[in-house]
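Q: Have a look at this one before I ask anything.
The values are calculated or read from the model by the stated rules, or taken from the named source; none is laboratory data. Since this is a predicted model, take the numbers as computed values, not measurements. Neighbour counts are summed over all protein chains in view; Cβ atoms, including those assigned to glycine, are modelled from backbone coordinates with ideal geometry.
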Amino acid sequence: MIPRLALAAIIAATFFFTQAAAAAAVDNAPVLTLRDLPLLFADDAALASSTNVQRTVHTARTRPKPVLEGTLPQEGSRVYLTGSVHYDETTGLLRMWYAGHPDLPGGAKPKVAGFRAGKGNFVLYATSRDGLAWERPALGLHEFQGSQANNIVFDFHSPSVLVDPSDPDAARRYKMLGSISGGYYSGTSPDGLRWSGPKQPFIKSQDNITLTQDPTTGDYLAYLRIYPTMIRGLPRRTVWLARSADFVTWSKPELVFAPDEQDDAWVTEPGQRTEVNNMSVFPHAGGFLGFPTIFRVTATDRPKSQLAHGQSPTDGTLDVQLLTSADGRTWQRTAKREPIIPRGAAGSFDAGSIFSVGSTMVHVGDETWVYYTGISTSHGAPMPPKRIAIGRAEWRRHGFVSLDAGTEPGRVETKPLQLTSPQLVVNADAHAGAHLGELRVALLEADGRPIPGFALEDCTPLTADAVRWSPQWQTKTAPPIDRPVRVVLQLTNARLYSLSCKPVAQP
């Protein structure tokens, strides 16, 4: 435990501001709104300052076996999760929208009445209680191979679904983006099962796309792939962004993420290069996380006459890394560029590549799950031996990145935050084994002045591992919600993962 005199010195330093510094802080610091959507610490976008802390990226835990493989005629021998998994609180079910690719003689494209000609994919639907065992309900919506006893819901490739309860039009509560040969299309649905959409693409391009929503502006964000983009003399897959305020009219796409020279450091032969196959984007209170699939291309443009079943003209391996952004447009790399979802052991379904990542996160209990597509071989191998299936990556809740402090106390101060409820929630691990861990919280006015009763020394410390810890102060007073405040966290032998506010119960 920190001696009281030393703690008093830290507190005095924490609260020392000149009038000029305080005025500058108010003028230059934007106010972030803190709801149940957490504030993550993957970058410094929401921080006013930090000392004696180190940022750590936490690689996901994965399972040796997939959670869903292609076994049904409408799935074929490969299933893809560029799509979405959502938790339905009313039913307790997890709902998955994924893509299947039926295996038909001679490589024929599957035909369904009312569906458009595309790349041979279906949007399929599955549900689960535990996120591991998935049921494919016989929905009876579309006839395939003489039967409606299937889980087909739509005709997109690379489907990405957004549940949008804020839309006043009940027929548009579910939104989907995907591709059909030659362009990107949108679709809407009242229930996630019965879909309709424009007959014309909103952007003429191809072929991977993901959808998310800006929690601040409400804009819809489409992260799409445009190929080829010429970079350093070579054609590459890259990530572009289109925005829409109404899900009808979309902005002209702009390039937002492409491989840099460091990404090509592994190259040893002409023509080899790094590309970005696709990117899923997840909002948080201070910005966005990006999960791009980094594609190290070892061979390309192989003639179709030389390709076997399921083989691509482009070969190489894919890994998923972590990016951060304050606005969804300008992206930063993490220092080590390490995989955030690791490839599996030799022989496993995801040993060769992590091909794509779902466009949503699922938070269940104390864990966060992200579903992904794993490939057992490199991208361009034939089937068999190539397998393509869906796996699950797991972290502690919101546990992608932490700010860590050792025996010397670390200090983190946020920019001004508007709390939306009087119950602040801290996700941190102060259980340091043989070392005594501790985390304390203080609140400051937006200009940096201390708020009486909310000093570090007034806070009852956290000394355990907790994903939902609400700090208490000796005065038993609730944090103010009538004005922005800064949150100061002091941690010793502890890890800090996220901040949020517990939602106010609706009457």
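Q: Is it the case, given these coordinates, that LEU255 is assigned by TED's automatic domain parsing to the domain that holds GLN332, part of a strand (DSSP E or B) and touching a Lys or Arg at 6+ places or on another chain (Cβ under 7 Å)?
A: When the stated conditions are applied, LEU255 does not pass them.
Q: Of all the residues that make up the stretch 115-150, how many are closer than 12 Å to ALA99 by Cβ and either assigned to a loop (DSSP other than H, G, I, E, B) or at pLDDT 95 or above (or both)?
A: Total meeting the criteria: 8.
Q: Got at least one residue in the stretch 140-154 being surrounded by fewer than 14 Cβ atoms within 10 Å (Cβ to Cβ), touching a residue at least 40 places away in the same chain (Cβ under 8 Å) and at negative phi?
A: The answer is no; no qualifying residue exists.
Q: Let me ask something additional. Residues to consider are LEU162, LEU193, LEU211; find the one that is assigned by TED's automatic domain parsing to the domain that holds PRO253 and either assigned to a loop (DSSP other than H, G, I, E, B) or loosely packed, with under 14 Cβ neighbours inside 10 Å (or both).
A: LEU193
Q: Only one of ASP465, ASP482, ASP447 is surrounded by fewer than 16 Cβ atoms within 10 Å (Cβ to Cβ), assigned by TED's automatic domain parsing to the domain that holds VAL53 and out of contact with any Phe, Trp or Tyr (no Cβ under 7 Å at 6 or more places or on another chain). Can you tell me which?
A: ASP482
Q: Sort through THR334, THR324, THR330, THR314 and tell me the only one that's among the hydroxyl-bearing types (Ser, Thr, Tyr), more than 30 Å from VAL426 (Cβ to Cβ) and either in the same structural domain as SER359 (by TED's automatic domain parsing) or free of Cβ contacts under 8 Å to residues at least 40 places away in the same chain (or both).
A: Just one listed residue meets the conditions, THR314.
Q: Give the residues of the stretch 130-154 that are touching a strand residue (DSSP E or B) at 6+ places or on another chain (Cβ under 7 Å) and of a type outside the set (A, V, I, L, M), sorted by residue number.
A: Scanning the stretch 130-154 gives GLY131, TRP134, GLU135, ARG136, PRO137, HIS142, PHE144, ASN150, ASN151, PHE154.
Q: Another question, if that's okay. Which one is nearest to SER179 (Cα to Cα), of the residues in the stretch 118-139 that are of a type in the set (Gly, Ala, Ser) and exposed (fewer than 12 other Cβ atoms within 10 Å of the Cβ)?
A: The residue in question is ALA138.
Q: Quickly run through the stretch 38-77 and pick out the residues that are among the acidic types (Asp, Glu) and outside the structural domain of VAL370 (by TED's automatic domain parsing).
A: Result: ASP43, ASP44.
Q: Out of (1) crowded, with 22+ Cβ neighbours inside 10 Å; (2) aromatic (Phe, Trp, Tyr); (3) free of Cβ contacts under 8 Å to residues at least 40 places away in the same chain, the odd one out for TRP266 is which?
A: It is condition (1) that TRP266 fails.
Q: Now for a separate question. Any residue in the stretch 245-255 that is within 20 Å of TYR80 (Cα to Cα) and of a type in the set (A, V, I, L, M, F, W, C)?
A: no
Q: Would you check if ASP465 is closer than 19 Å to THR414 by Cα, at pLDDT 95 or above and among the acidic types (Asp, Glu)?
A: For ASP465, the condition - closer than 19 Å to THR414 by Cα, at pLDDT 95 or above and among the acidic types (Asp, Glu) - is not met.
Q: Filter the stretch 451-474 down to the residues that are in a strand (DSSP E or B) and in contact with a helix residue (DSSP H, G or I) (Cβ under 8 Å, 6 or more places away or on another chain) and list them by number.
A: TRP473
Q: Let me ask something additional. Quickly run through the stretch 379-417 and pick out the residues that are surrounded by 19 or more Cβ atoms within 10 Å (Cβ to Cβ) and of a type in the set (S, T, N, Q).
A: SER402, THR414, listed by residue number.
Q: Now a separate question. Which numbered condition in (1) surrounded by fewer than 21 Cβ atoms within 10 Å (Cβ to Cβ); (2) part of a strand (DSSP E or B) is the only one that LYS111 fails?
A: With (1) surrounded by fewer than 21 Cβ atoms within 10 Å (Cβ to Cβ); (2) part of a strand (DSSP E or B) applied to LYS111, the lone miss is (2).
Q: Out of all the residues in the stretch 226-255, which are hydroxyl-bearing (Ser, Thr, Tyr) and touching a Ser or Thr at 6+ places or on another chain (Cβ under 9 Å)? Steps first, please.
A: Taking the stretch 226-255 as the starting set, the residues that turn out to be hydroxyl-bearing (Ser, Thr, Tyr) are 227, 229, 238, 244, 249, 251.
Within the stretch 226-255, TYR227, THR229, THR238, SER244, SER251 meet the criteria.
Q: Also, I was wondering about something else. Output the residue which, of all residues in the stretch 165-184 that are in a loop (DSSP other than H, G, I, E, B) and farther than 19 Å from MET96 by Cβ, is nearest to the chain's Cα centre (by Cα).
A: Of everything passing the filter in the stretch 165-184, SER166 is nearest to the chain's Cα centre (by Cα).
Q: To continue, here is another question. Looking at this structure, is THR249 polar (S, T, N, Q), at pLDDT below 95 and either in a strand (DSSP E or B) or touching a Phe, Trp or Tyr at 6+ places or on another chain (Cβ under 9 Å) (or both)? Walk me through how you get there before you give the answer.
A: On the way: polar (S, T, N, Q): yes; at pLDDT below 95: no; either in a strand (DSSP E or B) or touching a Phe, Trp or Tyr at 6+ places or on another chain (Cβ under 9 Å) (or both): yes.
For THR249, the condition - polar (S, T, N, Q), at pLDDT below 95 and either in a strand (DSSP E or B) or touching a Phe, Trp or Tyr at 6+ places or on another chain (Cβ under 9 Å) (or both) - is not met.
Q: Could you grab me the full set of residues in the stretch 434-450 that are closer than 21 Å to ASP366 by Cα and either assigned to a loop (DSSP other than H, G, I, E, B) or of a type in the set (Val, Ile, Thr) (or both)?
A: Across the stretch 434-450, the qualifying residue is only GLY437.
Q: Taking the stretch 272-307 as the search range and keeping residues that are assigned to a strand (DSSP E or B) and among the basic types (Lys, Arg), which one is surrounded by the most Cβ atoms within 10 Å (Cβ to Cβ)?
A: Ranking the candidates gives ARG273 first.
Q: Taking only pairs six or more apart or across chains, which ones have beta-carbon atoms under 6 Å, a first residue in the stretch 57-68 that is within 23 Å of PHE41 (Cβ to Cβ), and a second residue that is among the hydroxyl-bearing types (Ser, Thr, Tyr) and surrounded by 15 or more Cβ atoms within 10 Å (Cβ to Cβ)?
A: The qualifying pairs are VAL57/THR334.
Q: With respect to THR360, determine if the residue is polar (S, T, N, Q), under 28 Å from ALA42 (Cα atoms) and in a strand (DSSP E or B).
A: Considered against the rule, which asks whether it is polar (S, T, N, Q), under 28 Å from ALA42 (Cα atoms) and in a strand (DSSP E or B), THR360 comes out as no.
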